[in-house]
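Peer 1: If you scroll down you'll find the structure; I have some questions about it.
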Amino acid sequence: MIGYARVSTEEQHLDAQLDALERCGCEIVFKDLGVSGRTAARKGLGQALCSLERGDTLVVWRLDRLGRSLVHLIGLIETFSQEGVEFRSLTEAIDTNSAGGKLIFHIMAAMAEFERQLISERTRAGMDAARARGKHIGRPTILTAAQVKSARRSLASGRTSVKKLARALGVHPDTLSRSLRKVNTP
C-alpha cells in the first residue's frame, strides 16, 4: 500500500494523516506540504502516481486530500481501475477492493455526471434566456458597425488591403475579416 498526504498551507501539519496511513499499513507515503488541492501539478502526488503498479493500493486519509474536485477524483480512480490499482480513503471508508467500496464509487460517479449535466443545462438555459433578451453571447465585438462599414467602403474602392486596414484599426486581419462577414451594412 502506498499513501499520499497533503496539507494546503505550511502552517498545517501532516501528523494526523501520516499516523493514520502508517496504522493502516502504508509502506511508502508521498507528501505535499503547503500545496492547494486545486493545484494540478503536485510533486508528491505525481511521485505517488508514478510509483503505482498493478496490484498496488493508493491510500489517502480523506478524499479531499487527493482530488481537486469530484470529477477529478473520479477520473483518477477510473484510471487506477484501468491500470489494476485499487484506491482506499480511510475517513470515508471507501475501498475499491471491495464490492461495497466499488458501489460507493459508482454512486459518486453517477452523482458527478448528474451534476455536470445539470450545470450544462443551466448554462444553456441562461444563454438562451440572454439571447431572447437580445444579449450578445461570447466575446465582445471589438469593431463598431461604423468601423466595419468604413472598412468595407475602403476595401471596395481598392485603396487598401485587409492587412493594412486591420493594422490601422488596431486589430488582427482575421478579426477584421470575421467582422466584415458578420456585419451586413452597405
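The values are calculated or read from the model by the stated rules, or taken from the named source; none is laboratory data. On a predicted model such as this, the values are computed, not experimentally measured, just so you know. Reconstructed Cβ throughout: ideal geometry from the backbone, glycine too, with neighbour counts over all protein chains shown. Side chains included, ligands, DNA and RNA excluded: accessible areas come from the protein's heavy atoms. Shrake-Rupley method; radii C 1.70, N 1.55, O 1.52, S 1.80 Å.
Peer 1: Please determine, by comparing only the residues of the stretch 131-148 that are among the β-branched types (Val, Ile, Thr) and under 15 Å from Val171 (Cβ atoms), which one is least open to solvent (accessible area, probe 1.4 Å).
Peer 2: Val148
Peer 1: Right, another one. Go through the stretch 55-75 and report how many residues are open to solvent by 50 Å² or more (accessible area, probe 1.4 Å) and either of a type outside the set (A, V, I, L, M, F, W, C) or not in a helix (DSSP H, G or I) (or both).
Peer 2: Counting residues in the stretch 55-75 that are open to solvent by 50 Å² or more (accessible area, probe 1.4 Å) and either of a type outside the set (A, V, I, L, M, F, W, C) or not in a helix (DSSP H, G or I) (or both) gives 6.
Peer 1: Moving on. Of everything in the stretch 3-54, what is in a loop (DSSP other than H, G, I, E, B) and acidic (Asp, Glu)? Give them in sequence order.
Peer 2: Glu10, Glu11, Glu27, Glu53
Peer 1: State yes or no: is Thr175 open to solvent by 40 Å² or more (accessible area, probe 1.4 Å) and among the β-branched types (Val, Ile, Thr)?
Peer 2: Taking the combined requirement at face value, the residue does not satisfy it.
Peer 1: Among the residues of the stretch 1-25, write down those that are in contact with a helix residue (DSSP H, G or I) (Cβ under 9 Å, 6 or more places away or on another chain) and buried (at least 19 other Cβ atoms within 10 Å of the Cβ).
Peer 2: Hits for the stretch 1-25 are Ile2, Gly3, Tyr4, Ala5, Arg6, Val7, Gln17.
Peer 1: With respect to Asp56, determine if the residue is charged (D, E, K, R) and touching a residue at least 40 places away in the same chain (Cβ under 8 Å).
Peer 2: Considered against the rule, which asks whether it is charged (D, E, K, R) and touching a residue at least 40 places away in the same chain (Cβ under 8 Å), Asp56 comes out as yes.
Peer 1: Next up: I need the full set of residues from the stretch 89-108 which are surrounded by 18 or more Cβ atoms within 10 Å (Cβ to Cβ) and either over 19 Å from Gly75 (Cβ atoms) or among the acidic types (Asp, Glu) (or both), in order please.
Peer 2: Of everything in the stretch 89-108, those that are surrounded by 18 or more Cβ atoms within 10 Å (Cβ to Cβ) and either over 19 Å from Gly75 (Cβ atoms) or among the acidic types (Asp, Glu) (or both) turn out to be Leu90, Asp95.
Peer 1: Follow-up. Does the stretch 76-88 hold any residues that are among the charged types (D, E, K, R) and open to solvent by 60 Å² or more (accessible area, probe 1.4 Å), and which are they?
Peer 2: If the condition is that a residue be among the charged types (D, E, K, R) and open to solvent by 60 Å² or more (accessible area, probe 1.4 Å), then Glu78, Glu83, Arg88 are the ones that fit.
Peer 1: So Val148 ticks every box in (1) touching a Lys or Arg at 6+ places or on another chain (Cβ under 9 Å); (2) of a type outside the set (S, T, N, Q); (3) modelled with pLDDT under 90 but one. Which box is left unticked?
Peer 2: For Val148, the failing item is (3).
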